[in-house]
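The values are calculated or read from the model by the stated rules, or taken from the named source; none is laboratory data. Remember, it's a predicted structure, so these values are computed and weren't measured experimentally. When we count neighbours, we look across all protein chains shown, and the Cβ atoms used for this are built from the backbone with ideal geometry, even at glycine. Calculation scope for accessible area: heavy atoms of the full protein, side chains included, ligands and nucleic acids excluded. Shrake-Rupley method; radii C 1.70, N 1.55, O 1.52, S 1.80 Å.
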Amino acid sequence: MSRQQGSFDLKNLSDRVAVVTGAGNNGIGWGICRHAISELGMRVAVLDLHERLVSDAAARLNDEFGNGCAIGVICDVTRPESLAAALDRIALDFPESSIGAVFANAGVI
């Protein structure tokens, strides 16, 4: 376990971007997205392998919490070029916000 450098206030995450992998199918990643928006005031980049999953998840989050709080990004986290493209898309869609948290939730059964 690492020791944190000074105190950390979750309020510092407000208006920053949470990148959540494996977030398109109503599981833990979906819950993290909802919490990041509703409780922490973050924007969310929903990353998953399939267009339909990320589009639907982002649309549902925007419907519930307000347009512009979420984007869906197709990404294969096992491929560096896919991750680089995802970062480019996040920077393009949220130009005024930096990434504040990454939740590496993707997995395969």
All positions within segment 54-109 that are hydroxyl-bearing (Ser, Thr, Tyr) and over 13 Å from residue 43 (Cα atoms): 55, 78, 82
Residue match in segment 18-36 (condition: over 10 Å from the mean Cα position of the chain (by Cα), part of a loop (DSSP other than H, G, I, E, B) and closer than 15 Å to residue 76 by Cβ): yes
Scan of segment 39-84 for residues that are assigned to a helix (DSSP H, G or I), open to solvent by 60 Å² or more (accessible area, probe 1.4 Å) and out of contact with any Cys (no Cβ under 7 Å at 6 or more places or on another chain), ordered by number: 51, 52, 56, 60, 63, 64, 65, 80, 81
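This table checks each residue for (1) touching a helix residue (DSSP H, G or I) at 6+ places or on another chain (Cβ under 9 Å); (2) at pLDDT below 95.
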{"residue": "8", "(1), (2)": "no, yes"}
{"residue": "13", "(1), (2)": "yes, yes"}
{"residue": "18", "(1), (2)": "yes, no"}
{"residue": "29", "(1), (2)": "yes, yes"}
{"residue": "36", "(1), (2)": "yes, no"}
{"residue": "45", "(1), (2)": "yes, no"}
{"residue": "68", "(1), (2)": "yes, yes"}
{"residue": "75", "(1), (2)": "yes, yes"}
Answer from 101, 91 - the residue that is outside any loop (DSSP other than H, G, I, E, B) and closer than 14 Å to residue 15 by Cβ: 101
Subset of segment 2-54 (residues that are of a type in the set (D, E, K, R) and on the phi > 0 side of the Ramachandran plot): 15
Selection count, segment 2-43, where residues are of a type in the set (A, V, I, L, M) and closer than 13 Å to residue 69 by Cβ: 7
Residue within segment 26-40 that is within 21 Å of residue 106 (Cβ to Cβ) and among the charged types (D, E, K, R) present: yes
